[in-house]
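Enquirer: Have a look at this one before I ask anything.
The values are calculated or read from the model by the stated rules, or taken from the named source; none is laboratory data. Everything quoted here is computed from the prediction, not taken from an experiment. Note: ideal-geometry Cβ built from the backbone for every residue, glycine included; neighbour counts use all protein chains shown.
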Amino acid sequence: YNSALSTLSHWNTNLNNCRFVFAPTNSHWTRDWGPQSVFIDDETMGIVDPIFNGYPWVPGREDDHYRPSEDDDVNQILCSYLGVPRVPFAAYLTGGNVMYDGYGTAFSTAQMINENFSLMNSDAFLALAQNVLGVQNYYFTINPELYGIQHIDCWAKLLDEETVLVKQLPPEHPEFSRAENIAQQFAQTTSIWNKPYRVIRIYCPTYSDNYAAAYTNSYILNGRVYVPLFNITSDAAAIQTYQDAIPGYEVIGFPWTDWYYYDALHCRVMGIADGEMLRMTHSPPQVTTFLVNGEYSPEVRIKSYGQYQLTTGELSCYYRVRPATEWQSTGLIPADLPLFYRASLSGLDSGQVLEYFFSASDASGRSASAPHNAPHRYYQTTIACITSLPQSVPPAPKLHLFPNPSRGLITIKWDNAPRSAYTIRLYNLKGQLVHKETTSELNQSAEISISVLSSGIYIYTLTTDDLFSELISSGKILLLRQP
């Protein structure tokens with residue numbers, strides 16, 4: 001403790017912003033055994049507590065060698081200290097070998113599956129990740145090293161939900177082809193928006209022997225990017241790569257003599273999510289957007305996890321039509337689904353290129369935008385005006401819900417069943433989610449018990465099972481409990 005105080009004071013740290021947790025540890029690599037945040041049922045923040053696997057050095061093949069460590073106990077202590085739920089994860093989930101996009105997608109190297117062989121097969125691991133973490137799409141790259149810990153954070157870095165930074169090695173490096181293979185794997189993988197990932201390469205020459213600089217082992221936090229530097233000539237180019245890739249962020253380099261190709265800045269830190277964050281999410285438009293009468297109504301999901309009131313006058317959509325450079329703004333109004341808001345943009349003509357972004361704030365003083373680094377990044381689409389929508393669109397599923405009023409058990413049936421998994425949600429009149437049920441099978445009907453709810457009026461929605469929930473049907477249901 002005294003050593004920590006001395007070090008922090010030496011760097012003029014504001015100790016009023018520091019909190020200390022006392023726990024025995026075996027290593028300083030908090031990235032690997034530290035807290036991985038998860039939002040339980042998209043409501044309450046908890047900390048995932050997997051089994052910590054230590055640091056197996058393995059070749060680029062299957063190998064289930066591992067060793068336990070006392071670092072495994074830290075998350076239980078941390079949950080108690082922070083007063084947040086502990087979410088057990090009965091498998092290895094080393095933090096340096098997993099990265100999430102925040103939309104239900106995760107990436108690891110093949111070593112994540114390999115080191116869990118002694119506990120479960122790959123199907124069981126994927127099912128566990130889906131049930132506990134909400135990971136719907138889990139992708140695995142090849143093991144990048146000829147021999148090593150095979151952690152993905154020394155080879156790739158998600159910059160947002162559709163952009164990934166991948167290490168580029170000198171052609172003569174023995175692992176050059178592996179890095180190229182990983183870059184190709186990402187380029188052939190589809191993001192949450194159903195588009196191939198945008199792959200950016202960062203050149204990582206050697207700093208000693210065949211040890212390559214781990215520039216991908218950076219840390220992104222609160223509008224800043226912290227990049228490990230290796231005191232070689234390519235350091236400046238690495239900083240520039242980040243500045244070009246994430247405009248609007250402050251990029252800060254940290255030169256040091258004790259960074260390694262397998263252990264740099266990202267390995268030694270672990271963030272804790274803001275359990276009361278304000279989050280905005282928007283499904284980007286297609287390259288071309290077809291409009292009737294030149295009217296466009298983009299929707300955005302806005303959620304205060306602290307349940308703070310949104311600041312009405314600060315819910316905005318900023319937009320411009322090329323070649324204009326100045327942004328105009330319009331307010332957002334509630335859309336059909338709870339938590340969704342929409343803008344109304346009119347007077348658009350065919351051939352125009354529309355650019356826009358969203359911003360919001362809440363009563364806690366938190367603010368958010370979509371995209372998250374707007375206005376440096378924004379959404380863009382080319383307008384095509386038509387007189388009517390195409391008639392070849394398949395008919396939307398028609399929902400039948402009965403009995404309504406209900407005394408606790410409702411049946412839903414529909415014509416033209418959804419073409420994907422679906423989710424049924426019930427909201428009270430405050431907009432709070434009170435019941436959710438998801439199926440991955442295309443059944444024509446389902447029964448739902450809501451007998452635990454109080455009597456009253458509820459809003460129901462049937463949506464496709466993804467974060468942005470394409471609305472299939474919605475309405476009201478009256479629940480009458482037995483007296």
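Enquirer: Quick one: how many residues across the range 316-372 are at pLDDT 95 or above and of a type in the set (Asp, Glu)?
Expert: 3
Enquirer: I'm checking my understanding of the structure. Among residues of the range 219-237 that are out of contact with any helix residue (DSSP H, G or I) (no Cβ under 6 Å at 6 or more places or on another chain) and hydroxyl-bearing (Ser, Thr, Tyr), which one is nearest to residue 271 (Cα to Cα)?
Expert: Per the stated criteria, the residue is 226.
Enquirer: Please enumerate the residues belonging to the range 128-187 that are over 28 Å from residue 377 (Cβ atoms), assigned to a helix (DSSP H, G or I) and more than 19 Å from the chain's Cα centre (by Cα).
Expert: Answer for the range 128-187, where residues must be over 28 Å from residue 377 (Cβ atoms), assigned to a helix (DSSP H, G or I) and more than 19 Å from the chain's Cα centre (by Cα): 176, 177, 178, 181.
Enquirer: I'm told residue 120 meets every condition in (1) out of contact with any helix residue (DSSP H, G or I) (no Cβ under 8 Å at 6 or more places or on another chain); (2) among the aliphatic types (A, V, I, L, M); (3) at pLDDT below 95 except one. Can you identify the failing condition by its number?
Expert: For residue 120, the failing item is (1).
Enquirer: Consider only pairs whose beta carbons are under 8 Å apart and that are at least six residues apart or on different chains; among these, list those whose first residue lies in the range 300-319 and is assigned by TED's automatic domain parsing to the domain that holds residue 357 and under 28 Å from residue 46 (Cβ atoms) and whose second residue is polar (S, T, N, Q) and not in a strand (DSSP E or B).
Expert: 304/364; 306/364; 308/364
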